[in-house]
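Below is one structure, written out as structure tokens, with a few remarks after it.
The values are calculated or read from the model by the stated rules, or taken from the named source; none is laboratory data. Only a predicted model underlies this, so the values are computations on that prediction, with no experimental measurement involved. Note that each Cβ is placed from the backbone with ideal geometry, even for glycine, and that neighbours are counted across all protein chains shown.
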Protein chains: 2
Amino acid sequence: MLTDFYEMTMSNGYFEYGFTERQAVFDMFFRKIPDEAGFAIFAGLEQLVEYLRNLEFTPDDLAYFREKGQFSEAFLEYLANFKFECDIWSVKEGTPVFPYEPVVIVKGPVIQAQLIETMVLLTINYQSLVATKANRMCRAAQGRPISEFGSRRAQSYDAAILGARAAYIGGCASTACVIADRDYRIPAVGTMAHSWVQLFDSEYEAFEKYARLYPDNCVFLVDTYNVIKSGIPNAIKVFDKILAPQGIRPKAIRIDSGDIAYLSKKARKMLDAAGYEDVKIMATNSLDEYIIRDLIVQGAKVDMFGVGENLITSKSDPVFGGVYKLAAVEKDGKFVPRIKISESIEKITTPCFKNLYRFYNKETGQAIADYVTMRDETVDTSKPITIFDPVATWKKQTLTNVTAECLLTQVFEKGRCVYKLPELEEIKAYCAHQVDTLWDEVKRFEHPHRYYVDLSSELWNNRNILLEEINNIQ
Amino acid sequence: MLTDFYEMTMSNGYFEYGFTERQAVFDMFFRKIPDEAGFAIFAGLEQLVEYLRNLEFTPDDLAYFREKGQFSEAFLEYLANFKFECDIWSVKEGTPVFPYEPVVIVKGPVIQAQLIETMVLLTINYQSLVATKANRMCRAAQGRPISEFGSRRAQSYDAAILGARAAYIGGCASTACVIADRDYRIPAVGTMAHSWVQLFDSEYEAFEKYARLYPDNCVFLVDTYNVIKSGIPNAIKVFDKILAPQGIRPKAIRIDSGDIAYLSKKARKMLDAAGYEDVKIMATNSLDEYIIRDLIVQGAKVDMFGVGENLITSKSDPVFGGVYKLAAVEKDGKFVPRIKISESIEKITTPCFKNLYRFYNKETGQAIADYVTMRDETVDTSKPITIFDPVATWKKQTLTNVTAECLLTQVFEKGRCVYKLPELEEIKAYCAHQVDTLWDEVKRFEHPHRYYVDLSSELWNNRNILLEEINNIQ
């Protein structure tokens, strides 16, 4: 029921015009990578699969539609007995993806493929957004672990939970979100809030009481009053008095305000001088990939980061603009390509039932380009393949010594899930490995090199023929 | 279970140290209005109330905590029998609110008040964000209705649904989201997607088929191929051929790409020339308050707007930074104020158990200033009241002829809800009325006048005494 009203009126229309069996092909793709980055990370497939496996309309839903007075009884009957029958192919979670390539393809009765549009987009858009952002931040941190701390600033409940999941895929080490740990086994971590420190009569007492209770897990928040004059001295005093006699090493201190570069250096010196060289320093406070990078450049002594709102909402660019467009329609048993021209050139779609490949250098494993083909085209890498830019067609490249991997895996076959969902850890590892196959120039934060997404000659020709045809009609 | 892990470790700590009955007062407030606007709209209280009414821990939750090995059995037993016992005061949904004033106050056993932090913030932050943004867009549209169309770009499922609710509070007329209609009775509207137009062999056929099915609800999307050459002529043809003979007036056309100012003027002329002066023009395509305002300034002939991602994510500033801070703690039967100083001046909190008033001009009803007081202070408007800026204290103003309204309503009393939740329509109307009480200068989009939020002398003194005390300790 989380759908746009027009999906229902259109589906009712398709039903009324006898299109219940009429097959259509829809592509999900996106046009722009958030933050003008070089690539995005695809995520959210598991939740999409769960949704589609359980897709049904309850008697309450039907009563609601009946009340609207716009739907035929026969259509409501169809919904009551709804059985999902589509084929779906999708890129795997954790894969780097690029604009204008199909990342999900839905083929099936148009009435069904249309109905699921909103949920396909909603599910993939949000998790891809956060996985992409998390990956940027983790790359900025150069191996230092990042914890996702954004629940309270997430755009509602599911966003907090699924955002934690997506952040983990993108590279984060842990989350503060309890439910993400319970349901997805993403390690939940947590220390203390300022309120813990304030509740006791002194900062020293607050730290002491915490250390007595959680001696093995001491991470003190040192900025409630004054980091240098009070927070760190009190932390060290408690380390000495409570933990040292038990032979327990403290874990870390956390700084949540002020000049992190300056304070962390100063804190490092104080901790080292007191014999706590192994105690880590954690920084939080509206961090993002740029601040993290700058802190490291400035020699800040930060060992771990906690990131909140800038990650969970992808604050600097909070929309992943996936769209879902009709690419082909069955006519007389064959798929006829469909195009949308629109008034804005960047909104023109690529028609046809398609497939998606990625070329890798056979020796280095480096990703070279993506290649969108007709569905039934075979890509034979035993011979040289010439690819060209679909806009600047004179820009050509002949590939030899490459392998081609099909990026689209079948997930549903006639409504039945045929894909074994990988474990989250597996997705996370796959993501890290796939990002490693990209050139550094594509991974750059500012002005990255544009990765090539080319069309096969056959697909390119089909697209041009269709464009010409439609121009002639008008 | 949607909470941060540290809420649990801290609560366990409070429990272990015998603070189960120790009372504390927490304030929710925010420091910055999104988009550097002059005010925000408070929303989300209804969902917070629902959550708190049903707050409990299931055996599965307890098993999860037990497995973590950090919580005492006695604490888990406490959670198993958890009964919410706090008092809560809150601003009403739809109220314009300002930085640094308490919008929610929670008073109760510290162990409980701490536990709900994440959910209080998450719930209020997101809906306030969207209600605030919606209100800006609706003001920009100057009475032209705006539909919320953002589900597919929302940051996950709840965001789509609750975002539609918040947008409605802020002033939107309708939504595309079916479930928001079913559950909150926000009118759901919808027309057709490009896929409907593409599915048929021609644009004309697509419109014709739609008109036959939904003659009373004809809104044609005219930009699939070419607005001027094809979309509008086809729409007019169908109006003439299908609707006119039935005596039905078409509703509207929708333009989703290209230069909306130019296309809408051209479309208006074409529709008028064909005798469809009453047919409305709807514009969609990444609109926000600035584009809407500019379109109107440029004389665009747009009668209604549909807004997607820029509203549902508040794209230009997607975080509502509400925080939840300890303000006072019970000691020997009295509330002792607590402050957080931090390394950043803007993060210093206002201590004490407080109350919040708004002064209105007795004759015009215009809002003059907000006034934060000690909880037990009375505000007597029968005598002149001098208020002053809490930072620039020499800036004073003496108020006469004003009324003072307490903005905080009791919502929970010892864990029992004592507040009758208003209907959504009532909230929406209240919001519109309250926004009307603000000066135009506060409502300006750029560089609005800063609305006064002043502290009473007593509160201001208490705060300063505490600041001095802590400085002396260090």
With respect to A:Glu446, determine if the residue is modelled with pLDDT under 95 and closer than 30 Å to A:Arg165 by Cα.
yes
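Does A:Gln142 fit the bill of being out of contact with any helix residue (DSSP H, G or I) (no Cβ under 6 Å at 6 or more places or on another chain), touching a residue at least 24 places away in the same chain (Cβ under 8 Å) and not charged (D, E, K, R)?
Considered against the rule, which asks whether it is out of contact with any helix residue (DSSP H, G or I) (no Cβ under 6 Å at 6 or more places or on another chain), touching a residue at least 24 places away in the same chain (Cβ under 8 Å) and not charged (D, E, K, R), A:Gln142 comes out as yes.
Got at least one residue in segment B:426-434 being modelled with pLDDT of 95 or more, among the aliphatic types (A, V, I, L, M) and touching a strand residue (DSSP E or B) at 6+ places or on another chain (Cβ under 6 Å)? Even if it seems obvious, please write down each step before you answer.
Here is the first cut: in segment B:426-434, the ones modelled with pLDDT of 95 or more are B:426-434.
Next, from what is left, pick out any that are among the aliphatic types (A, V, I, L, M): B:427, B:429, B:432.
Retained after the next criterion (residues that are touching a strand residue (DSSP E or B) at 6+ places or on another chain (Cβ under 6 Å)): none.
No, because not a single residue in segment B:426-434 is modelled with pLDDT of 95 or more, among the aliphatic types (A, V, I, L, M) and touching a strand residue (DSSP E or B) at 6+ places or on another chain (Cβ under 6 Å).
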Condition (residue is closer than 30 Å to B:Arg375 by Cα, within 11 Å of another protein chain (Cβ to nearest Cβ) and either surrounded by fewer than 18 Cβ atoms within 10 Å (Cβ to Cβ) or of a type in the set (Ser, Thr, Tyr) (or both)) applied to segment B:310-319: is it met by at least one residue?
no
Does segment B:347-365 include one or more residues that are within 8 Å of another protein chain (Cβ to nearest Cβ) and not hydrophobic (A, V, I, L, M, F, W, C)?
yes
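Table: residues versus (1) part of a loop (DSSP other than H, G, I, E, B); (2) within 27 Å of B:Leu48 (Cα to Cα); (3) within 18 Å of the chain's Cα centre (by Cα); (4) among the aliphatic types (A, V, I, L, M).
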| position | (1), (2), (3), (4) |
| --- | --- |
| A:Asn125 | no, yes, yes, no |
| A:Thr132 | no, no, yes, no |
| A:Arg139 | no, no, yes, no |
| A:Ile169 | no, no, yes, yes |
Consider A:Thr175 against the criteria (1) facing chain B (nearest Cβ under 7 Å); (2) without any contact (Cβ under 8 Å) to a residue 40 or more places away in the chain; (3) under 16 Å from the mean Cα position of the chain (by Cα): it satisfies all of them except one. Which criterion is unmet?
(1)
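Within 8 Å of chain A (Cβ to nearest Cβ), farther than 24 Å from A:Lys68 by Cβ and touching a helix residue (DSSP H, G or I) at 6+ places or on another chain (Cβ under 7 Å): is that true of B:Arg136 in this structure?
For B:Arg136, the condition - within 8 Å of chain A (Cβ to nearest Cβ), farther than 24 Å from A:Lys68 by Cβ and touching a helix residue (DSSP H, G or I) at 6+ places or on another chain (Cβ under 7 Å) - is not met.
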Output the number of residues of segment B:320-358 satisfying the condition of being of a type in the set (D, E, K, R) and more than 30 Å from A:Ser316 (Cα to Cα).
7
Restricted to segment A:200-220, and to residues that are touching a helix residue (DSSP H, G or I) at 6+ places or on another chain (Cβ under 6 Å) and among the hydrophobic types (A, V, I, L, M, F, W, C), which residue is surrounded by the most Cβ atoms within 10 Å (Cβ to Cβ)?
A:Phe207
Sort out for me the helices (runs of 4 or more DSSP H) sitting completely within segment A:393-474 that have 2 or more residues that are over 24 Å from the mean Cα position of the chain (by Cα).
A:457-473
Which of the residues belonging to segment B:281-293 are free of Cβ contacts under 8 Å to residues at least 40 places away in the same chain and either of a type in the set (Asp, Glu) or farther than 13 Å from B:Ala140 by Cβ (or both)?
B:Ile281, B:Asn285, B:Ser286
I'm checking my understanding of the structure. Among residues of segment A:178-204 that are more than 10 Å from chain B (Cβ to nearest Cβ) and outside any loop (DSSP other than H, G, I, E, B), which one is nearest to A:Leu243 (Cα to Cα)?
A:Tyr204
Members of segment B:206-242 that are of a type in the set (Lys, Arg) and either within 11 Å of chain A (Cβ to nearest Cβ) or under 16 Å from B:Thr191 (Cα atoms) (or both)
B:Lys209, B:Arg212, B:Lys229
For segment A:39-49, enumerate the residues that are farther than 17 Å from A:Glu413 by Cβ and either facing chain B (nearest Cβ under 9 Å) or in a helix (DSSP H, G or I) (or both).
A:Glu46, A:Gln47
Taking into account only those residues within segment B:377-392 that are in contact (Cβ under 8 Å) with a residue 12 or more places away in the chain and part of a loop (DSSP other than H, G, I, E, B), which is farthest from the chain's Cα centre (by Cα)?
B:Pro384
Please pick out the residue among B:Ile169, B:Ile179 that is touching a helix residue (DSSP H, G or I) at 6+ places or on another chain (Cβ under 6 Å) and surrounded by fewer than 22 Cβ atoms within 10 Å (Cβ to Cβ).
B:Ile179
Residues in segment B:47-67: is at least one farther than 30 Å from A:Pro215 by Cβ, buried (at least 20 other Cβ atoms within 10 Å of the Cβ), under 14 Å from the mean Cα position of the chain (by Cα) and at pLDDT 95 or above?
yes
Those strands (runs of 3 or more DSSP E) completely within segment B:284-353 that have 1 or more residues that are not assigned by TED's automatic domain parsing to the domain that holds B:Thr123 are B:304-307
When you look at A:Val372, is it surrounded by fewer than 16 Cβ atoms within 10 Å (Cβ to Cβ) and at pLDDT 95 or above, yes or no?
no
Any chance segment B:38-57 includes a residue that's under 16 Å from B:Val120 (Cβ atoms), free of Cβ contacts under 8 Å to residues at least 12 places away in the same chain, assigned by TED's automatic domain parsing to the domain that holds B:Lys347 and of a type in the set (S, T, N, Q)?
yes
Those residues of segment B:79-122 that are over 10 Å from B:Met28 (Cβ atoms) and within 14 Å of chain A (Cβ to nearest Cβ) come to a total of 14
Quick one: count up the residues across segment B:1-22 that are polar (S, T, N, Q) and either more than 21 Å from A:Ala193 (Cα to Cα) or more than 11 Å from chain A (Cβ to nearest Cβ) (or both).
1
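A quick yes/no check of all residues on (1) over 26 Å from the mean Cα position of the chain (by Cα); (2) touching a residue at least 40 places away in the same chain (Cβ under 8 Å):
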position	(1), (2)
B:Gln70	yes, yes
B:Phe82	yes, no
B:Pro96	no, yes
B:Pro99	no, yes
B:Val103	no, yes
Quick check on my filter: what residues within segment A:341-369 are within 27 Å of the chain's Cα centre (by Cα) and either crowded, with 22+ Cβ neighbours inside 10 Å or closer than 13 Å to A:Pro102 by Cβ (or both)?
A:Thr349, A:Thr350, A:Pro351, A:Cys352, A:Phe353, A:Lys354, A:Asn355, A:Leu356, A:Tyr357, A:Arg358, A:Phe359, A:Ala367
Give segment A:1-22 a look and list any residue that's surrounded by fewer than 22 Cβ atoms within 10 Å (Cβ to Cβ), touching a residue at least 12 places away in the same chain (Cβ under 8 Å) and not in a helix (DSSP H, G or I), or say none.
A:Met1, A:Leu2, A:Phe19, A:Thr20, A:Glu21, A:Arg22
Taking into account only those residues within segment A:23-38 that are more than 22 Å from B:Ser286 (Cα to Cα) and more than 8 Å from every other protein chain (Cβ to nearest Cβ), which is surrounded by the fewest Cβ atoms within 10 Å (Cβ to Cβ)?
A:Gln23
